[in-house]
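Inspection log for the structure reproduced underneath, given as structure tokens.
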Amino acid sequence: MEFSIKSGSPEKQRSACVVIGVFEPRKLSLPGDVINQAADNYVTNLLRRGDMEGKPGSTLLLHNVPGTLCDRVLLVGLGKEKDFRDKEFRDAVATATRTLNEIGAFDACLTLTELPVKKRDLSWRIRQTVLMVGEALYRFDRFKSKKDEVRRPLRKITLTVESRSDLTAAEAARSQGQAIVAGMNLAKDLGNLPGNICTPTYLAEQALELRKAHSLKVEVLERADMEKLGMGSLLSVTRGSHQPPKFIVLRHDGGKKGGKPVVLVGKGITFDSGGISLKPGPEMDEMKYDMSGAASVLGTMKAIALMALPANVVGLIPTVENMPGGNASRPGDIVTSMSGQTIEILNTDAEGRLILCDALTYAERYEPACVIDIATLTGACVIALGHVASGLFANDDALAREILHAGQNAYDRAWQLPLWDDYQEQLKSPFADMANIGGRPAGTVTAACFLSRFAKKFHWAHLDVAGTAWKSGEKKGSTGRPVPLLTHFLLARTGANVE
Ligand code: BES
Ligand code: MN
Ligand code: ZN
């Protein structure tokens, strides 16, 4: 998608379609007023006749509006002006984009970016608009012999701003938004790819591709390297699989030389069958998404490389396939992690924590400013928070606040859950330093407690994205979350305004 930013008169835009917002009941937004005046009240006459109320999700397409240079004008319902907030703004942009694409407008001019949204500035509105357009136009049809071809797909969008003095900030927000969309699309593609294609080797190849196109340094550790490092916990998960394990290390050195990096760690289980503790059949296909944490790290690294973000960021991706087999780990097995702590594997389906713990220990070598791990870790998190918020845990309150705030700004929200010592009790094992499961109560918390034992040497946060990384049902697919949260977090750390 090509975006450009212009200031001024919507009626003078030569484009296939100009998009105008209408508040409920029948109230034109400011740019709409301008068009309406140029058109000698043509639009307000239609509204008065009752052709459109302005309800959220509603649209009305007008042809040959007098006094304008565009082919068509698309009215988009915004709902009540006093309720117009983040979500309503995003929904309006999504509706506009979908409609434009359906009506075969090759290019369009969006004036929704001029609408005031409570507590949000122009940069936020531009960034979110670019994100929503990206969201509305994303397709994954690589494996369809017959693609749903759009006759004349939307290719060019002009976003309008009120005055020329807004142009610099708007341009910066546009390019941030486009970088985030590119990162999200990469994360979505990788998530949507099936387990027979998106293997640990494939993820490693994709990481190496990023090195070619962007200023990233990428290194892939092989099984022998991991054995030397003593990653006994990680390697125990790969035993049942015929796919070789990989440990991917990415670096973006955009900050001060020697400055402490933020380290992102992504769970990369390319398929989670459960192993010997085999999962039940229904919906098991969704376990191809169990590498969504890894995908979000790759997506975020791509986004910040595109932005040339002035920060040092390391991405770590432990990636393996969890399969049953004659050589697979069995319940009761005891393994030694890279940290030296021993783990009794009571359930081979609690494998995410087994690969993440060794990656956390590996992260120590960077003397990180902080470490954030991202994982589709527990089904219990889906029960607790559904598909709206990611679960957040942290051993540092300031870091937790920063992440929650980034999530709010990105509209990719997280909700904090407790990491109290009382829960650690549930991980006791009679035979090893800890068990890998803590029983049914608070399954999301005990999983985080397990990880916390490997994150003592740095500020650390854990995002459980089991409910947010993909959608089930009819519109099944990867969401690209939490790439928006992570990129906003990193942007804010460099002092960028992302409120
Ligand atoms: N990848 C799953 C978590 C998951 C389950 C994500 C369903 C999304 C939807 C994870 O590896 C897992 O299997 N966790 C177990 C842990 C249990 C054995 C303690 C779970 O949540 O059932
Ligand atoms: Mn599992
Ligand atoms: Zn898993």
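The values are calculated or read from the model by the stated rules, or taken from the named source; none is laboratory data. Predicted, not measured: the structure shown is a model, and the values here were computed from it. Backbone-built Cβ (ideal geometry, glycine too); neighbour counts: all protein chains shown. Areas reflect the complete protein model, heavy atoms only, side chains present, ligands, DNA and RNA absent. Shrake-Rupley method; radii C 1.70, N 1.55, O 1.52, S 1.80 Å.
Observations
- Violating pairs (Cα-Cα greater than 20 angstrom) within the set 188/471; 302/457; 147/475: 302/457
- 12 Å beta-carbon shell around residue 8, net charge (K/R +1, D/E -1): -1
- For segment 319-332, 3J(HN,Hα) computed residue by residue from phi via the Karplus equation (6.51, -1.76, 1.60; θ = phi - 60°) reads 9, 8, 9, 9, 10, x, x, x, 9, 5, 4, 10, x, x Hz, glycine and proline entered as x.
- Spin-label model, residue 69/residue 401: points 7 Å from Cα along the beta carbon direction are separated by 5.0 nm.
- Amide H contacts of residue 459 (H built 1.01 Å from N, under 5 Å, at least 5 apart or other chain): 371
- Dipole of the chain, positive direction: furthest Cα of 418, 203, 370, with charges on the beta-carbon: 203
- Cα-derived Rg to Rh of segment 2-160, Kirkwood definition: 0.97
- Amide H partners (placed H, <5 Å) of residue 377, local residues excluded: 465, 466
- Taking all protein chains as they are arranged and a probe of 1.4 Å, the heavy atoms of residue 431 leave approximately 150 Å² accessible to solvent.
- Given a 1.4 Å probe and the protein chains as shown, residue 278 ends up with an accessible area of around 100 Å².
- Ligands, DNA and RNA left out, the 1.4 Å accessible surface of segment 96-224 is 50% carbon and sulfur atoms.
- Heavy-atom accessible surface of segment 350-438: percent carbon and sulfur, 1.4 Å: 53 percent
- Angle in degrees between helix 200-213 and the longest Cα principal axis of the chain, rounded to the nearest 10: 50 degrees
- From phi via Karplus (6.51, -1.76, 1.60), per-residue ³J(HN,Hα) for segment 239-246 in Hz, x at Gly/Pro: 4, x, 9, 8, 8, x, x, 9
- Candidate lysines - alpha carbon under 20 Å from residue 27, same-chain residues fewer than 8 apart omitted: 55, 80, 82, 87, 118
- Relative contact order for the chain, counting Cα pairs under 8 Å that sit 6 or more residues apart, in percent: 14 percent
- Computed from Cα atoms, the angle from the helix 483-493 axis to the main principal axis of the chain rounds to 90 degrees.
- Under 13 Å from the Cα of residue 12 - aspartates and glutamates, other chains or at least 8 residues apart: 71
- A Förster radius of 60 Å, combined with the Cβ-Cβ distance separating residue 342 from residue 51, puts the computed FRET efficiency at roughly 0.25.
- Mean projected area in nm² (Cα convex hull; one quarter of hull surface) for the chain: 24.1 nm²
- In Hz, Karplus ³J(HN,Hα) per residue of segment 456-462 (6.51, -1.76, 1.60; θ = phi - 60°; x = Gly, Pro): 6, 8, 7, 5, 9, 9, 10
- Inter-part distance, segment 457-499 to segment 10-32, computed on C-alpha centroids, equals 33 Å.
- Each label point was placed 7 Å from the Cα along the Cα-to-Cβ direction; for residue 327 and residue 211 their separation is 2.6 nm.
- Accessible area per residue for segment 183-493, computed on protein heavy atoms with a 1.4 Å probe, is 38 Å².
- Segment 208-277 and segment 325-379 have their alpha-carbon centroids 13 Å apart.
- Accessible surface computed residue by residue for segment 2-160, with neighbouring protein chains in place and a 1.4 Å probe, gives 48 Å² per residue.
- With kT/(6 pi eta Rh) evaluated at 4 °C and eta = 1.567 mPa s, and Rh the Kirkwood radius from Cα pairs, segment 133-226 diffuses with a coefficient of 77 µm²/s according to Stokes-Einstein.
- Percent breakdown of C-alpha pair distances by 10 Å bin, ordered from the shortest bin, for segment 341-499: 11, 39, 36, 13, 2, 0
- Computed [θ] at 222 nm, deg cm²/dmol, the chain (DSSP H ≥ 4; -39,500 (n - 2.57); rounded to nearest 500): -11000 deg cm²/dmol
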